[in-house]
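Single-structure report; data block below.
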Amino acid sequence: MTVTLLNKVEHKLTVNEVVDKYPDVPRLVILKTDVHLRGVNYTDAALGAIDPAIHQVRGRSIFGSRDGQIKPLPASISLRDGTLILPDPTPIERDPYIIDLVDGKLALIDNDELLEFVELTVKPRYYDLFTTSGIPMKDIVTARPQRLDLIVSGYCHFGTKGNGCRFCDINNHNKQQVKEAGGKSRFRPEDISETIREALKEPGRFSFIHLTGGSVLAGDEVFDRELDLYIETLQAIGENFSTKKFPVDVTTSALNERQLRRLNDETGIMAYTSDLEVLNEEKFNWICPGKADSLGYREWRNRLVRAVDIFGRGYVGTGIVTGVELAKPFGYTSEEQALRANLEEAEYLAERGVTTWSSPWVVRPSSDFHDQKSPSLEYCIRFARGLDQLRVKYGLIIDFNDYRRCGNHPDTDLSRIH
Ligand code: SF4
């Protein structure tokens, strides 16, 4: 069979075939991407080796997993070169990778073949502590191996109004999380400040802080209330630093110039992100109806470009849900066409100092798009290579979102090899 990216043929390249075809992309980055696309399922022996007293298990999260469950499974695993995987628990019938125990070590298995041994992330020290007001610190700030994460708003007003992004499960997941795991979805500045202070005491562990959340439409101008929440949170975090700027970035709705200046002037923020999710106006209108109604694609994009004047080239980014532009029935019908259009638009942004990164699309069971299919591995790898090449061409750095700080984007994993 002729192997082609056009969706006219059924055959999608396997991980080994993609490794052979793209020798410039490290095998472990390709493997990580495929694990992201297919998810993982744990054997009983592997589950027996996960010790929540030692290992970091999944905590409060903004999006749900492919199995629709909230369980204390590993929050992250790393491969032998430090490549990070955020493993998405996935029902066995959906053909995930298997994590099993082999010779006393956790291993990634596919079709009975041992591909790699993996390591679990050690639980941060502050995970066992409580704030003075009695809240578990791990409910307020979660962690990746080297990054602290805060969710500023666990709900998205687009979803509440019935026009959330079609791939997103934030509100359904948050309801489930509050019901099953309890806790609150917003915290007082004092509790946030105290938690960050404790987390930073762990020597050599954390190098970056990231804030995100759902869109908040309230305020005199759209997103004013959302901006207030970020400023309040950033100021609380900033109490723990002696310099005005500290290593933190935010992913918010697209703020206008006045709002961006406030964010920059009143906080210690170093980088700014607002996610376009989809790099085409027509597909964006269909897939992100709330974003389209509130600002529209062009204004969302223009605001990113204007943010470069404030934060600098390469310190403004946008995240793309790779492959959602291929959803049926109104998405691209050819991966080749989608790839070309995506990279053209990413180049438009890169020329203007905005960097683009990709998160391969995970089809979530409580999203509108729950019955769609993820894109092919080859498509995700070609897009990742293209984004990496654009960053090189336009001299854009990705230090605040690389394999250490974030670890969720195949394209930013590639930045470590230049
Ligand atoms: S803006 Fe879209 S992707 Fe972001 S939280 Fe809201 S619905 Fe989800």
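Observations on the model:
- Computed magnitude of the charge dipole of the chain (debye, nearest 20; Cβ of K, R +1, Cβ of D, E -1): 640 debye
- With the convex hull of its Cα atoms as the shape, the chain has an orientation-averaged projected area of 19.5 nm².
- Charge tally in the Cβ shell below 11 Å around Asn163, where Lys, Arg are +1 and Asp, Glu are -1, Asn163 excluded: +1
- Listed by chain and number, the aspartates and glutamates whose C-alpha is less than 17 Å from the C-alpha of Lys161, apart from same-chain residues fewer than 8 away, are Asp169, Glu226, Asp293, Asp368.
- The rule of thumb for compact globular proteins, 2.2 N^0.38 Å, goes into the C-alpha radius of gyration of region 1-100 1.24 times.
- Considering only Gln176, Tyr297, Pro96, and ranking their Cα positions along the charge dipole of the chain that arises from unit charges at the beta-carbon of Lys, Arg, Asp and Glu, the one farthest toward the positive end is Tyr297.
- By average C-beta atoms within 10 angstrom, highest first, the peptides 260-266, 224-230: 224-230, 260-266
- Value of relative contact order over region 259-410, rounded to a whole percent, pairs C-alpha under 8 Å and six or more apart: 23 percent
- Extension gain for the segment Trp286 to Glu17, taken as residue separation times 0.36 nm less the Cα-Cα distance, is 93.5 nm to one decimal.
- Only one residue of Val248, Gln259, Gly213 has its Cα farthest out toward the positive end of the dipole of region 205-276, where Lys and Arg carry +1 and Asp and Glu -1 on Cβ, and that residue is Val248.
- Calculated FRET efficiency, Glu257 to Arg188, Cβ-Cβ distance, R0 = 30 Å: about 0.50 to the nearest 0.05.
- Across the options Ile151, Phe130, Phe167, the greatest Cα extent toward the positive end of the charge dipole of region 124-269 (unit charges at beta carbon of Lys, Arg, Asp, Glu) belongs to Phe167.
- In terms of the mean number of neighbouring beta-carbon atoms within 10 Å, the peptides 196-207, 88-99, 152-163 order highest first as 152-163, 88-99, 196-207.
- Cα centroid separation, region 115-157 to region 273-304 (Å): 30 Å
- Among 251-257, 405-411, the order from most to least packed when residues are scored by Cβ within 10 Å on average: 405-411, 251-257
- Net charge of Cβ neighbours under 9 Å - reference Ala143; Lys, Arg +1; Asp, Glu -1: +4
- Here Ile269, Ile62 are placed in order of increasing Cβ neighbour count within 10 Å, fewest first, which gives Ile62, Ile269.
- Ordering Trp357, Trp300 by the number of other Cβ atoms within 10 Å of each residue's own Cβ, fewest first, gives Trp300, Trp357.
- Using a Förster distance of 30 Å, the FRET efficiency for Ser242-Arg125 (Cβ separation, nearest 0.05): 0.85
- Computed label-point distance, nm, for sites Asp228 and Asp399 using a 7 Å Cα→Cβ extension: 3.5 nm
- Leu276, Leu114, Leu343 arranged by Cβ crowding within 10 Å, fewest neighbours leading: Leu114, Leu343, Leu276
- Label-to-label distance, nm, for residues given as Glu299 and Lys179 (7 Å Cα→Cβ offset): 3.5 nm
FYI, it's all coordinate maths here, none of it is from the lab. Given the structure is predicted, the values throughout are model-derived calculations rather than measurements. Cβ: placed from backbone, ideal geometry, glycine included. Neighbour counts: every protein chain shown.
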